[in-house]
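The values are calculated or read from the model by the stated rules, or taken from the named source; none is laboratory data. Keep in mind that what you see is a predicted model, and the values were worked out from it rather than measured. Virtual Cβ from ideal backbone geometry, glycine too; neighbours counted across all protein chains shown.
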Amino acid sequence: MTEATMWYLCGLGSNICPEQNLPRALDILVQKTGCLRISPVVATRPEGIDSDRGFLNALVVLQSPLSERELKAWFNGVEETLGRDRSDPASSLKDRTIDIDILEARADHPPDGRSVQEPYFRALLADQVAPHDCRTLHLGEWTLGQATATIYWDHRTGHEIVVDQGQRLLDDTLEAAFPRQ
């Protein structure tokens, strides 16, 4: 009998060494989940914090048997592992190595992104990000960030395998990209 899994649409952002911290976070996420789909990576200005450091942001779709509360707790642990001080009461107003938020959770089908409010995430979902706003990341030997890609974790070799789908993040190939749980 297989465990029930939830679909999650998550937002990732970093403005402290984002070229290193976003790939580190993706590596940890794909090792845990086995598969994830990542949007293009977009450069944005800080909003709601007093900083001159620009952010790199991306959306990720993943499946997990964890509840929303359990997954958020695990994400908080990942943030701490990558250097974010979550014990600071003002941590949400400061620069960050990584921020991972659950934007939408669904039990019965992949997320559709309707609840996403951030303009840069809305633009990613609508595939309306200008190419000059996208940034490149390196995950091992793979180059990510310019187009939607699916990342698999090969448990035999301990390496990521990236399949560049070139599709929209939430298109109808999403379910087929994820191995049956």
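Structural remarks
- Residues of the stretch 133-162 satisfying the condition of being under 27 Å from ARG114 (Cα atoms) and exposed (fewer than 13 other Cβ atoms within 10 Å of the Cβ): THR136
- Residue count for the stretch 1-19, restricted to those that are free of Cβ contacts under 8 Å to residues at least 12 places away in the same chain and under 20 Å from ASP133 (Cβ atoms): 0.
- Of VAL41, VAL60, all but one fail to be surrounded by 12 or more Cβ atoms within 10 Å (Cβ to Cβ) and either in contact (Cβ under 8 Å) with a residue 60 or more places away in the chain or of a type in the set (D, E, K, R) (or both); the exception is VAL41.
- On inspection, THR97 does not qualify as exposed (fewer than 14 other Cβ atoms within 10 Å of the Cβ), closer than 30 Å to ASP50 by Cβ and at pLDDT 90 or above.
- Selection within the stretch 115-141: residues that are in contact with a strand residue (DSSP E or B) (Cβ under 8 Å, 6 or more places away or on another chain) and assigned to a loop (DSSP other than H, G, I, E, B). The member of this set that is modelled with the lowest pLDDT is GLY140.
- Entirely in the stretch 1-113, the strands (runs of 3 or more DSSP E) that have 3 or more residues that are within 12 Å of the chain's Cα centre (by Cα): 6-14, 35-38, 55-64, 99-106
- Where a residue in the stretch 146-161 is under 21 Å from CYS134 (Cα atoms) and its partner, wherever it lies, is β-branched (Val, Ile, Thr) and surrounded by fewer than 20 Cβ atoms within 10 Å (Cβ to Cβ), with Cβ under 7 Å and at least six apart: GLN146/THR136; ALA149/VAL162; ALA149/VAL163; THR150/VAL163; ILE151/VAL162
- Residue match in the stretch 117-137 (condition: in contact with a Leu (Cβ under 6 Å, 6 or more places away or on another chain) and of a type in the set (S, T, N, Q)): no
- Near pairs, Cβ below 9 angstrom, 6+ apart or cross-chain, from the stretch 111-135 (more than 11 Å from LEU59 (Cβ to Cβ)) to any residue that is among the basic types (Lys, Arg) and not in a loop (DSSP other than H, G, I, E, B): ASP112/ARG106; GLN128/ARG122
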